[in-house]
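Participant: Dropping the structure in here first, questions after.
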Amino acid sequence: MSGPRKLVIVESPTKVKSIAQYLGEGYEVQASVGHIRDLVEPKNLPPELKKGSLGKFSVDVENGFAPYYVVSPEKKKTVAELKKALANADELYLATDEDREGEAIAWHLLEVLKPKVPVRRMVFHEITKEAIEHARDNTRDIDEALVDAQETRRILDRLYGYEVSPVLWRKVGPGLSAGRVQSAATRLVVERERERLAFTAASYWDLNATLADAASGADAQSFAARLVRVNGDRIATGRDFDESGQLKSKASMLTEPQAHALAAALKDPSVGIQVANVESKPYTRRPAAPFTTSTLQQEAARKLRFSARQTMSVAQSLYENGYITYMRTDSPSLSQQALNAARTQATSLYGAETVPDKPRLYSGKGKNAQEAHEAIRPAGETFRTPSQVASVLRGNDFKLYELIWKRTVASQMADAKGSTASVTITAGPTPVEGLTASTIAEFSASGTVITFRGFMLAYEESVDEERNASNEPTESKLPPLTTGQSLRAVDVEAAGHETSPPPRYTEASLVKTLDELGIGRPSTYASIISTIIDRGYVTPRGQALVPNWIAFSVIRLLEEFFSELVNYEFTAELENDLDKIAGGEEDRVDWLNGFYFGNDDHRGLRDVIDNLGDIDAKAINSIPLSDTITLRIGKYGPYLEVAEDDEVDLATGEVKTPRRVNIPPELAPDELTLAKAEELINAPVVVDRIIGVNPENGKNVVAKDGRFGPYVTELDPELTAEQEAEAAAALLAAAALLVEPPATATTAKAGAAAKKTVAKKPAAKKAPAKAAAVKPRTASLFKSMDLAAIDIETALRLLSLPRAVGDDPETSEPITAQNGKFGPYLKKGTDTRSLENEDLIFEIDLPGALELFAQPKYGARRASSALKDFEEPDPESGKAIKIKDGRFGAYVTDGVTNATIPKAESIEEIDFDRAVQLLADKRAKGPAKPRTTTKRAAATTTRKAPARKAAPKK
């Protein structure tokens, strides 16, 4: 290429093609594929640096918190390609995302590539021709304050995790982790479950009546009304009870007999029922603001059942392909361009009367202006309608785009208007058993009629579940009613109710709470929720997030010994401080010094760690349920420990080991009441059952229920009393030969003879040290088998595994069928093939096995082996795409590339577009990072604060 050549570096490979076509000739666009370097793991530091704070954190806390960065091993090839491209360029444009993370990526590129040509920082919030050209013509320098803020956050998280996590390993369990936002999010979920554990339901009664005009016939319009007062006293509803089930207001409670008696009395046609009052008020409802990252995650969870991770993944794809603006934003504001586009589109689609005279302006929480970009909206000066993109966007991409389009257009439309009528109705007086001889009941009814739908023509916002409360009034119509009008009871029904515990968090409500508390950043919520699920702290159950017992131990330890770190206000304040650093109002080093070493406002993390004192691990992992029952969170899961009445064995004086009862893994914490615990303790104990004798070796075949499930094993039969006596005599005789009696004439002669006899015998071979501890044969039961019904024939077949299927006629290698850690499989030498189910271990024959081995191990094996097939081929490889079940869970494959399906996504949610995206992301990442490496990572640098010059090579 002749003439000037400019190199443009973006983050994602998906952006390359779009941006290149907008920039045209003279520009080469390449991708860094995210970060090219990060803090090195301390174990991978050069030997001479593995000392002091640098050796502990890869951050020199004693010298300005200077971090030690290395180029990631998997990014060496990317860096080499970028350097090669830069060598032929006369200008460098760093076009990474415009948030903290993107700014830091641009800075790292600058530090590693060390360009000798002019460098320009190019930022845009949508990938359209106009936006790219505007960004090209309006470049700036790297924002050092934004880089400082991102680096501070990275160092903060490293210090937090590396100091606190080891405490969890020692006192709770290995593999656990603590994190600034992760721990706060886990605490929220645990606290909600504690509320559910402490909750006591309260019962209350009221009446539901169906009423109609008394003068009209059977075809008269009826309406529903609810009892609100009896003899002037307000009747209690769910809101009148506290968490312990006690009435907390002056409302009166109807008993069940009273409610039924009142209902029966009001059904009497002679009882007068009339309208006491009719009140009408205007109804107005405003549209919701355009989407921010947080509100998009919430609404996608409610309306589309997307996980936070899935929402961000789909949004990333839409952004990179030019359909929406940047999806990481705290601001609900729209640009003038977007305001004009939304108003024009609403006018053309829904009519001029649906658009107000002036544009609607929305403002956020006033967070860091550097990151308060435009709201998430359709890209471009003219929005593409869902019908216009339906041919190119499918599946989840289309669903999310449609949601964003509707919300954006609706945000610029007029309020919905109507009227809400509230009607008070009296019935009686009438005698009611259990109440008074002249009981007067008061009912209430309401109806909302929307006369002008406005924004509701385009979109309505969803709401989260609320406990014991009603949601936004829905549209419902009452018949024309006037004060004094006589009514008749079509039906009156006594209704019993029970208060509900606070609902568990869903991803949507957890994101909403984190955002309201100011904890973390919306752009990180998806990864935070994924982390607490992957770590085993939380398990999704439908839409609900259920904490596991291990989370209770972790949060209890953090609350007792690191209270400030899991304090919501303190955690939110950290975010505000990072915003101040990003705005240039706070110095990075000063702030880190205060956080780690302490200041006048709070203790430093280092001081907390150094003065933890003794932590009673047993107490941290124990929850008393009663005087004799304690819940323990152990290494292998939770169990109940039951203290027996006679803790000391009277015969031996030894303290008995408390009885342990496993807790079913599917039992949620709030379901473990004292009654449930006693039920588990009193349940029949599964004892070992001898199901027969192996005729080949005479050993008993025993069915057992172990920690990892039911299994069968072989055990030596117990000796009879006579056999035990003979064995004991033999042992005593043998021991007598080893003890020499006192020397006498007789014993000396006998002893000499005995020694002579022993000497003549050949020396016995020394038995192996562990010969007596031969491990018995065991075999797990198949999932389809019942421990109580297993018979001797089936048990012997299980114990005989692996089963010989036959020999390969070409190689003569034996083929065996067996069960393994990751399921049933065939083995031939070192080659293996998975079987679809355990029954095939006994059923598959040699031809069937040979057919399996004839097919590729990874790839399109058999249509029946895939969990899901897609009709269209992958657009890049041209190969068929399938979803399969592998050793580490379900994955998408085209026979060449395998991409693991995130845990937060279900197989049913994965459509063709999502499968293509997962494969593309996997290809972009390159080969997996090796587990161990002996070579030092390239481009190793230490960054010294506050100067931002390239640090000397180490």
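Participant: Taking square-rooted eigenvalues a ≥ b ≥ c of the alpha carbon gyration tensor, is segment 293-414 rounded, prolate or oblate, where a/c under 1.5 means rounded and, failing that, a/b exceeding b/c means prolate?
Facilitator: Since a/c reaches 1.5 but b/c is at least a/b, the shape of segment 293-414 is classed as oblate.
Participant: Got a sec? Charge dipole of segment 92-178, +1 on Cβ for Lys and Arg, -1 for Asp and Glu; which of VAL112, VAL147, ALA178 is way out at the positive end?
Facilitator: Selected residue: ALA178.
Participant: Follow-up. Give me Rg/Rg_expected for segment 153-242, where Rg uses Cα atoms only and Rg_expected = 2.2 N^0.38 Å with N residues.
Facilitator: 2.24
Participant: Whole number please: convex hull volume per residue, Cα atoms of segment 85-135, in Å³.
Facilitator: Per-residue hull volume (Cα only) is 81 Å³.
Participant: Let me know the Rg and Dmax you get for segment 41-110 when you use only its Cα atoms, in Å.
Facilitator: 15.5, 43
Participant: Under 15 Å between alpha carbons, and skipping anything fewer than 8 positions from LYS676 in its own chain: which aspartates and glutamates qualify?
Facilitator: The qualifying aspartates and glutamates are GLU641, GLU666.
Participant: Can you tell me the order of 147-160, 194-207 when each peptide is scored by its average per-residue count of other Cβ atoms within 10 angstrom, highest first?
Facilitator: 147-160, 194-207
Participant: Next up: Can you give the extra length, in nm with one decimal, that the chain gains between SER335 and THR436 once fully stretched, where that is 0.36 nm per residue apart less the Cα-Cα distance?
Facilitator: Difference between extended and current length: 29.8 nm.
Participant: Between ASP242 and GLN388, what is 0.36 nm times their sequence separation minus the Cα-Cα distance? Round to one decimal in nm.
Facilitator: Extra length available between ASP242 and GLN388 comes to 47.3 nm.
Participant: By counting other Cβ atoms within 10 Å of each Cβ, how are VAL167, VAL40 ranked from fewest to most?
Facilitator: VAL167, VAL40
Participant: Nothing charged except the Cβ atoms of Lys and Arg (+1) and of Asp and Glu (-1): what's the magnitude of the dipole of segment 293-414 about its Cα centre? Round to the nearest 20 debye.
Facilitator: Charge dipole of segment 293-414: 380 debye, to the nearest 20.
Participant: Return the subset of LYS6/LYS75; LYS77/LYS114; LYS635/LYS882; LYS17/LYS76; LYS15/LYS868; LYS250/LYS512 for which the Cα-Cα distance in this structure is over 27 Å, preserving the input order.
Facilitator: Among LYS6/LYS75; LYS77/LYS114; LYS635/LYS882; LYS17/LYS76; LYS15/LYS868; LYS250/LYS512, the Cα-Cα distance tops 27 Å for LYS635/LYS882; LYS15/LYS868; LYS250/LYS512.
Participant: Also: What FRET efficiency do you get for THR900 and SER165 if R0 is 35 Å and r is their Cβ-Cβ distance, rounded to the nearest 0.05?
Facilitator: After rounding to 0.05, the efficiency reads 0.90.
Participant: Note the full-extension length gain between SER444 and SER249 as 0.36 nm times their separation in residues minus their Cα-Cα distance, in nm to one decimal.
Facilitator: Length difference between fully extended and current span is 68.2 nm.
Participant: Determine which residues of segment 13-44 fall in the zone a paramagnetic label at ASP534 would reach in this model, i.e. backbone nitrogen under 18 Å from the point 7 Å along Cα→Cβ.
Facilitator: Under cut-off, by backbone N: 34-41.
Every number here is computed from the coordinates shown, using simple stated rules; none is lab data. If you're wondering where the values come from, they're calculated on a predicted model, not measured in any experiment. Backbone-built Cβ (ideal geometry, glycine too); neighbour counts: all protein chains shown.
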